1. What is the number of the single condition among (1) modelled with pLDDT under 95; (2) surrounded by 23 or more Cβ atoms within 10 Å (Cβ to Cβ) that residue A:72 does not meet?
2. Go through region A:1-29 and give me each residue that's within 41 Å of the chain's Cα centre (by Cα), surrounded by fewer than 14 Cβ atoms within 10 Å (Cβ to Cβ) and within 11 Å of DNA strand D (Cβ to nearest atom).
3. Does region A:80-92 hold any residues that are touching a residue at least 40 places away in the same chain (Cβ under 8 Å) and either in contact with a strand residue (DSSP E or B) (Cβ under 8 Å, 6 or more places away or on another chain) or farther than 18 Å from residue A:284 by Cα (or both), and which are they?
4. Report, by residue number, each residue of region A:87-108 that is within 22 Å of residue B:83 (Cβ to Cβ) and assigned to a loop (DSSP other than H, G, I, E, B).
5. For region B:55-67, give me each residue that is in contact (Cβ under 8 Å) with a residue 24 or more places away in the chain and near DNA strand D (Cβ under 8 Å from one of its atoms).
6. When the residues of region B:30-50 are narrowed to those that are surrounded by fewer than 19 Cβ atoms within 10 Å (Cβ to Cβ), closer than 28 Å to residue A:144 by Cα and touching a helix residue (DSSP H, G or I) at 6+ places or on another chain (Cβ under 8 Å), which ends up nearest to the other protein chains (Cβ to nearest Cβ)?
7. Within 14 Å of another protein chain (Cβ to nearest Cβ), under 22 Å from the mean Cα position of the chain (by Cα), touching a residue at least 24 places away in the same chain (Cβ under 8 Å) and closer than 24 Å to residue A:254 by Cβ: does that describe residue B:258?
8. Look at residue A:158 and say whether it is on the phi > 0 side of the Ramachandran plot, modelled with pLDDT of 90 or more, surrounded by fewer than 18 Cβ atoms within 10 Å (Cβ to Cβ) and within 20 Å of the chain's Cα centre (by Cα).
DNA sequence: ATGAAAGCGCTAACAC
DNA sequence: GTGTTAGCGCTTTCAT
């Protein structure tokens with residue numbers, strides 16, 4: 001393999017070729033630079049032949065803005081989260097930013113990883129992981145780095161946020177199961193993890209009580225497919241008290257459905273109505289055909305980036321929280 | 001909201017507080033810096049109280065290495081790809097790199113986006129998207145930026161690669177269906193997209209012919225769940241000629257299974273044996289219980305990062321291709 | 001082992 | 001509108 005290595009051209013190389021000064025090159029590649037059309041054209045032509053690219057490290061050193069935005073996400077291999085990150089990434093790129101992906105899962109050093117983002121002078125941070133460390137977020141705020149939290153615990157303050165309204169979510173779930181004819185309710189409630197998942201479970205339970213219906217709370221380990229299958233026996237044994245169950249994530253609903261089908265012979269929705277949450281792709285798959293509640297994930301990704309950009313423009317504007325649009329999806333399990 | 005903004009401390013601030021020269025700070029934070037233990041400690045202490053972090057933009061300008069690595073990925077909302085990106089990201093971070101996520105899907109300007117990575121002086125690039133533009137990759141190579149291609153068309157040359165052996169894959173699929181008792185074969189073959197998907201379909205067909213069995217090729221639009229359901233009627237109509245079908249992705253297998261269950265009454269595996277490929281999470285879910293072929297995605301992520309690092313160390317070493325480990329997974333559909 | 005000084009590639013304030 | 005100049009914060013020779 002012959003060494004065809006070449007060095008990257010600098011603005012100086014371009015200037016020399018175009019017969020102008022380096023600063024003219026800079027102006028040609030900057031937005032508000034006062035430069036004549038013909039000079040700019042000369043520069044651009046030279047830049048093209050040399051395949052010149054502005055060195056963002058040099059630019060970022062000079063400006064106090066890197067164009068890099070951190071996306072902090074856990075459980076990226078989960079359908080909902082994968083789509084969320086995809087759309088956030090897409091939206092950032094469309095707006096001229098470059099996303100840094102920070103995957104953090106249990107046993108990872110979340111704090112250390114998020115801290116390392118600050119080495120890169122990031123322009124902003126979008127957090128959709130479990131339990132982001134408050135300390136790092138505070139530090140970002142001090143440095144005027146906008147942080148947007150998606151569906152995170154409101155105990156972390158000082159940031160803009162995108163959040164589903166757990167009140168609406170719980171109410172909507174109750175309404176859907178009610179309309180489907182349920183009168184004895186159950187809910188799958190994870191013991192840990194996401195604030196909004198537990199939140200909607202609690203509100204749902206409250207709505208049931210408020211309306212004078214019995215509600216059985218079944219605690220789960222996590223919010224995954226396995227959590228749903230693990231809860232199957234529990235649900236089965238309490239079937240006298242439950243004819244409509246709210247699974248607070250689609251994944252748990254899939255697990256429960258499969259568990260019931262596999263081990264017992266329960267008619268869904270005849271004997272038991274099942275409602276999921278999130279409306280991930282699999283919910284519409286024939287095997288599940290799951291009634292659920294859609295979170296408008298695209299809207300929320302767009303809103304997150306928008307919030308970040310607005311805060312960049314106006315650092316001192318009042319904190320803002322935007323709600324994620326919720327839509328009931330009636331399919332075959334209610 | 002009071003303005004609590006502070007400026008980031010620089011190495012100069014730390015030096016002042018520690019009573020040393022800036023270069024001592026640099027040495028304290030560099031790996032091979034010759035510095036006395038006590039000076040280093042002084043520096044570290046000062047750095048800690050000021051919450052100093054090395055500015056990677058300044059460092060990256062000086063060294064010719066940014067620590068940033070581009071992950072170029074399409075269809076991130078797909079189970080296989082999501083896991084792949086998650087693991088690659090994790091592996092990069094573990095090795096001290098910072099992943100930039102470049103999502104590219106149809107209608108996106110792939111070339112422009114990948115080109116923008118070069119603005120950041122990236123240390124390397126891991127590509128797992130469809131149809132990466134050869135031009136950009138060539139340019140990376142010229143600048144000595146290691147590029148690792150995962151399961152991409154071999155017509156793009158000059159890079160290290162991670163790839164499943166399509167020969168093995170086709171053979172394995174044939175063997176599995178054979179052992180399950182199939183004698184009349186079918187295969188779902190996407191008309192576009194991934195090289196390895198089409199590749200294993202073609203090899204599979206060839207193996208069937210070589211062994212003297214009839215093979216029916218059914219072309220699909222894409223390789224998704226919908227592609228599988230769309231193929232259902234086609235498969236149904238050809239059921240006289242097929243008793244074992246190789247769906248070249250799990251997603252297509254799910255679609256086909258659901259399509260068959262929903263519209264027809266076909267016994268699987270009695271009447272028709274179905275084999276998927278990838279072993280995504282959903283394949284083990286109760287509703288599908290799909291026999292498939294596992295690609296060791298963790299091994300491939302680790303190998304990709306390893307290959308990149310090796311190339312960084314030894315830019316001129318011969319090009320290398322590593323194979324992805326394949327494992328037959330026997331479940332309920334064969 | 002440490003301080004001094006040059007310079008990575010760029011932008012922006014300043015002259016003209 | 002364009003050239004000049006002074007840094008952005010760091011690493012890295014080179015002296016000492």
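1. Every listed condition holds for residue A:72 apart from (1).
2. Within region A:1-29, A:23 is the sole residue that qualifies.
3. A:80, A:81, A:84, A:85, A:87, A:88, A:90, A:91, A:92 - these are the residues of region A:80-92 that are touching a residue at least 40 places away in the same chain (Cβ under 8 Å) and either in contact with a strand residue (DSSP E or B) (Cβ under 8 Å, 6 or more places away or on another chain) or farther than 18 Å from residue A:284 by Cα (or both).
4. Of everything in region A:87-108, those that are within 22 Å of residue B:83 (Cβ to Cβ) and assigned to a loop (DSSP other than H, G, I, E, B) turn out to be A:104, A:105, A:106, A:107, A:108.
5. The one that is in contact (Cβ under 8 Å) with a residue 24 or more places away in the chain and near DNA strand D (Cβ under 8 Å from one of its atoms): B:55.
6. Of everything passing the filter in region B:30-50, B:50 is nearest to the other protein chains (Cβ to nearest Cβ).
7. No.
8. yes
The values are calculated or read from the model by the stated rules, or taken from the named source; none is laboratory data. Just so it is clear, the model here is predicted, and its values are computed rather than measured. Backbone-built Cβ (ideal geometry, glycine too); neighbour counts: all protein chains shown.
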